[in-house]
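Please read the structure below before turning to the comments.
The values are calculated or read from the model by the stated rules, or taken from the named source; none is laboratory data. Values in this document were obtained by computation on a predicted structure and should not be read as measured data. Please note: Cβ atoms are built from the backbone with ideal geometry, for glycine as well, and neighbour counts cover all protein chains shown.
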Amino acid sequence: MATVIIIAGLFLISVYAAFSYRKKLSQGCCGGGDTVRRQGPADSDLSHYPYVYKVEIEGMTCKNCAVRVENAFHAAGEFYARVNLGRKTALVRAKAETPEEVLKKIVVRTGYDAVKVERQ
């Protein structure tokens, strides 16, 4: 009897996983199919951002993910960011020298993992 219950439970979990994966494939990883709107930085003059950092990011899987990371940097102020989804990196320009931990925290608060930060 216990074996039947375990098999039934595993079957239900498998069905749920298959439907969830199908939804992810049809609507993108971020669900809902809605496109995240890009919000630019308050200051778009690149000459005002003399410090440049390359941040390696794990966990981004679609364009919405990339836009979320860019928006997070722009909302923090003093940053101009562009994400390369294919390379899983963000090129972050800053108005002032910025500690690696600050850049990583912005990425982590967005829901992704900042693996490495390099000064360019």
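Data for the structure
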{"read-out": "Single residue of the stretch 55-70 satisfying the filter (in contact with a helix residue (DSSP H, G or I) (Cβ under 8 Å, 6 or more places away or on another chain) and within 24 Å of Asp43 (Cβ to Cβ)) that is surrounded by the fewest Cβ atoms within 10 Å (Cβ to Cβ)", "value": "Arg68"}
{"read-out": "The listed residue being in contact with a Leu (Cβ under 9 Å, 6 or more places away or on another chain) and free of Cβ contacts under 8 Å to residues at least 24 places away in the same chain, out of Arg82, Arg93", "value": "Arg82"}
{"read-out": "Matching residues in the stretch 57-72 - criterion: being in contact with a Leu (Cβ under 8 Å, 6 or more places away or on another chain) and assigned to a helix (DSSP H, G or I)", "value": "Lys63, Cys65, Ala66"}
{"read-out": "Candidate set from the stretch 1-56 (those that are assigned to a loop (DSSP other than H, G, I, E, B) and of a type in the set (S, T, N, Q)); member that is modelled with the lowest pLDDT", "value": "Thr35"}
{"read-out": "Breaking point among (1) surrounded by 15 or more Cβ atoms within 10 Å (Cβ to Cβ); (2) under 13 Å from the mean Cα position of the chain (by Cα); (3) within 19 Å of Gln39 (Cα to Cα), for Arg82", "value": "(1)"}
